[in-house]
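Right, one structure below, let's go through it.
Here, each number is a calculation from the coordinates, and none is a lab measurement. Worth saying up front: this structure is predicted, and the values here are computed from it rather than measured. Every residue, glycine as well, gets a Cβ built from its backbone with ideal geometry; the counts of neighbours run over all protein chains shown.
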């Protein structure tokens, strides 16, 4: 009789353990599914963040922290050890890229602000330079000055395009940063030469009061813009690293999915 009661009690205990284990496995599968879903959103969030969406940075950080927390819970449950090391390694790679994206927040947002400033102010300078070119074209012996003024307008357009390349952070960003630095320097030198003269360019200062007032106005506005242009050129390495991180996230998040399969198999046992 006692033996029969013992066997019954043991059976009930084992049944209870099985139910608890099954509940743990169900919870682990649910957490793993949430990790997978969030991990596939990370690349999209990173792209939005790299484009200057400030809310995307917050969403990316929140998703990263959520995944890290759920992964900690999975480890604490002590199941799926066979595939957990590989899964953790894959997550470490993904998280490393997320860290790079988050670290570039200040540079990205500053770059967007600078680009907006240039897009609003450079056309104004172009309009003033076009007015100056028309004024000089009516004066004899000013053909060289007219050509230089027209070249300034071309430089301004090239500076805008190169800044867009820097913001994209691709392989050409470093070359674009060097080009922007050269163009900005030449742009400023020509303006100063038109205002005060430049022996290296064999350029005499403008003598007409109206033309002189125009070039001085452009030069003043350019002097205010120049530091911002130098700042975004200096941010090129960081923005290139950001681009690499966003590109890697697309691949590495897929690897994370593959590393999750063995864990699903373990939790389904």
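Observations
- From its DSSP helices (H runs of at least four residues, each -39,500 (n - 2.57)), the chain gives a residue-normalised ellipticity at 222 nm of -32000 deg cm²/dmol.
- Once the Cα gyration tensor of region 105-241 is diagonalised, semi-axes √(5λ) in Å: 31, 14, 12
- Centroid-to-centroid separation of region 189-263 and region 73-138 [C-alpha atoms, Å]: 15
- Over the chain, Cα pairs under 8 Å with separation of 6+ residues give a relative contact order of 29 percent.
- Eigen-decomposition of the gyration tensor built on the alpha-carbon atoms of the chain gives equivalent ellipsoid semi-axes of 67, 14, 11 angstrom, largest listed first.
- A straight chain from residue 257 to residue 223 at 0.36 nm per residue would run longer than the Cα-Cα distance by 7.1 nm.
- Residue 198-residue 128 pseudo-label distance in nm [points 7 Å out on the Cα-to-Cβ vector]: 1.7
- Shown for region 30-71 is the translational diffusion coefficient from the Stokes-Einstein equation, using the Kirkwood radius over Cα pairs, a temperature of 20 °C and a viscosity of 1.002 mPa s: 208 µm²/s.
- Taking 0.36 nm per residue of sequence separation and removing the Cα-Cα distance, the residue 160/residue 112 pair yields an extension gain of 16.0 nm.
- Placing a label point 7 Å from the Cα of residue 138 along the Cα-to-Cβ direction, the residues of region 205-238 whose backbone N falls under 17 Å from that point are 207-215.
- Sequence-separation-based contact order of region 105-241, relative, with Cα cut under 8 Å and 6+ spacing, percent: 31
- Extension reserve of the residue 264-residue 82 stretch, reckoned as 0.36 nm per residue once the Cα distance is removed: 64.4 nm
- More than 18 Å apart - percent of Cα-Cα pairs taken over region 47-144: 67
- Folded to 0 to 90 degrees: helix 143-168 orientation relative to the chain principal axis, Cα: 0
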